[in-house]
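Here the structure comes first, spelled out in structure tokens, and everything after it is commentary.
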Amino acid sequence: MGLFANELPYGVLSWTIFLPLGGAFLILLFSSDRMARWIALVFTLIDFCLALPLWYRFDPSKIGFQFVEIREWLPILGLRYAVGVDGISMPLVLLTALLSPICVLCSWHQIEHRVRSFMFCLLLMETSMIGVFSALDFVLFYLFWEGMLIPMYLLIAVWGGPRRDYASLKFFIYTLVGSVFLLLGIIALYFKQGTFFIPEVLFRPYEERFQLLVFLAFATAFAIKVPMFPFHTWLPAAHVEAPTAGSVFLASILLKMGSYGFLRFCLGITPKASLTMAPWILMLSIIAIIYAGFLCLGQEDMKRLIAYSSVSHMGFVTLGIFTFTLWGLKGAMLQMLNHGVTTGALFLCVGILYERTHSRLISDNSGLGKVMPLFVAFFGVFCFSSFAFPGTNNFVGELFVLLGAFEKDKTLGLFLLPGPVLAAAYMLRLLKRTVWKEGEVSPLWDLNAREVFYLLPLLVAVLWVGFCPGKLVEVMEPALMELLKNVKSMS
């Protein structure tokens, strides 16, 4: 694959990766909680400003990685510090940079104890997540992959709900098991190719047995992270117990690390094995979509409902990837981003309600249309987006996945149809029961300026992608076409 530096000053991508880490260590120098909040906000906002030029200067006509930086790290082991982005990873870097200051703002008053430690964890998470999407060396990728494990565990274990010990331990064990399989796959590739440099191991003619073993190792790690059925059981507990910022990072970014791994490594390194195992992945994806949809219909806890909806929506992503069609791949990429925006916004809305009513039960948060009209306007758009109402971002992504499914096999497309219907049923049920209520409603204060400030960019993203998805598709399509061409040529 091609490697390009582009016109930006050398090192901008590294600054984007490591600036939050610098802010995290700066927080340790101050004892003031107020100062910790402001440092975290300033550093995440600057990081978002650094990510924007990467987006605007990205050249979709160049096939390969751009803004590449390569430096010797440990030559005796063949390790290099190598980072770069392409049309698959660039949008995910921007999404991470956008959501990070939002997570700081939503925690401004919600987190009242150990604020410095909390903000330290948030900034450490941002560096790890951007690093995962940018790393071009397997050891560097693995370090970033593992780097998010401890801060996410702490977010749940220290600042989580009543069952935080159970939820954090379950998250840690599942993720650690997946990491072991990922490491085994990386080691196998190193002994096969003699390098950890990712572009040098992509699209090589490995024998089928080796591909199958590496695929199983990688797919196990990525399926746990997505999470796919039946590895999904850690997710609802983690979401319910995590603080709002933890839920947003978990749903919007961490789950995408799994689907990114499927795209980048399973399809890019083990295309024959991916095609062989595709029927199983497609079957598990359909089960996740329908099974999680039915579970959502019976939920009374809003956070748990949104958590199960994540399992269903990520089923569309994995299904789109393994249709091996351009429609499916484009739909999967769009849904990775759309789910990050919409589900993150829904968790933010639940967090706003919890600050006012101290309950996540639907029955304790009804009649909001009478007392919180501005909140209901935002919440309504995000709910409609979640079930792919035309004009919202998820409609475009799910439409592309459906087109890919029908292109691959009409029966597959028919099996997929109950998914959007179930999504409409459980989201409309949630919206109806929270907005309307007969009789008197307890007075609540509507959104304040801070809350409007961090919800507004997500609302704009929902409508912008819904009505004008062309720019996103333009950025990702060449990389996806090249990926699909290589997969078909090597299978």
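All of the numbers you see were taken from the coordinates with simple rules; none came from a lab. Note that this is a predicted model, so its numbers are computed, not measured. All Cβ positions, glycine included, derive from the backbone under ideal geometry; neighbour counts span all protein chains shown.
Taking label points 7 Å from Cα along the Cα-to-Cβ direction, Asn486 and Leu45 give a separation of 4.0 nm. Taking the longest Cα principal axis of the chain as reference, the axis of helix 470-490 is set at about 40 degrees. Legend: calculated FRET efficiency, Glu208 to Leu176, from the Cβ-Cβ distance at R0 = 22 Å, rounded to 0.05, equals 0.15.
Hey, got a sec? Which GluC sites (Glu not before Pro) in segment 81-178 land in a DSSP loop and have at most 14 other Cβ atoms within 10 Å? Provide the component values of the computation, followed by the final result.
Working: sites: Glu112, Glu126, Glu146; in loops: Glu112.
Answer in residue order: Glu112.
Just how large is the dipole of the chain about the Cα centre, in debye to the nearest 20, putting +1 at every Lys and Arg Cβ and -1 at every Asp and Glu Cβ? Please list the in-between numbers first.
Numbers: 34 positive and 30 negative charges, 92 e Å.
Dipole of the chain, to the nearest 20 debye: 440 debye.
Looking at this model, which pairs from Lys410/Lys488; Lys170/Lys192; Lys192/Lys471; Lys225/Lys471; Lys192/Lys485 are more than 32 angstrom apart at the alpha-carbon? Table pairs above 32 Å Cα-Cα are Lys170/Lys192; Lys192/Lys471.
Run the numbers for Ile287 and Asp165: contour at 0.36 nm per residue of separation, minus the present Cα-Cα distance, in nm. Please report the intermediate quantities before stating the final value.
Working: separation 122, 0.36 × 122 = 43.92 nm, distance 2.93 nm.
Once the chain is fully extended between Ile287 and Asp165, it gains 41.0 nm.
Computed per residue of the chain from DSSP H runs no shorter than four, each worth -39500 (n - 2.57), the mean residue ellipticity at 222 nm is -23500 deg cm²/dmol. Each label point was placed 7 Å from the Cα along the Cα-to-Cβ direction; for Phe191 and Ala449 their separation is 6.2 nm.
Shown here is the pair-distance distribution of segment 336-442: with all Cα-Cα distances grouped in 5 Å bins from zero up to the longest one, the shares run 2, 12, 20, 21, 16, 11, 8, 5, 4, 1, 0 percent.
Residues whose amide H comes within less than 5 Å of that of Asp137, counting only those at least five positions distant or on another chain, are Ala82, Ile198 (H built at 1.01 Å from N in the peptide plane).
Here the 3J(HN,Hα) profile of segment 291-301, calculated from phi with Karplus coefficients 6.51, -1.76 and 1.60 at θ = phi - 60°, is 4, 5, x, 5, 4, 4, 5, x, 8, 9, 8 Hz, Gly and Pro shown as x. Shape summary: segment 1-144 maps onto an equivalent ellipsoid whose semi-axes, from the alpha-carbon gyration tensor, are 29, 17, 11 Å in decreasing order.
If you place +1 on the Cβ of every Lys and Arg and -1 on the Cβ of every Asp and Glu, how big does the dipole about the Cα centre of segment 195-319 come out, in debye to the nearest 20? Don't skip to the end; give the middle numbers.
Details: 8 positive and 6 negative charges, 37 e Å.
Result for segment 195-319 is approximately 180 debye, rounded to the nearest 20.
Rounded to whole Å, the principal axis extents of the Cα atoms in segment 2-490 read 69, 59, 41, largest first.
Using a simple spin-label model with pseudo-atoms 7 Å out from Cα toward Cβ, Ala377 and Leu463 lie 0.9 nm apart.
Compute the acute angle (0 to 90°) between the alpha-carbon long axis of helix 33-56 and the principal axis of greatest extent of the alpha-carbon atoms of the chain; round to the nearest 10°. On a 0 to 90 degree scale, this one is about 50.
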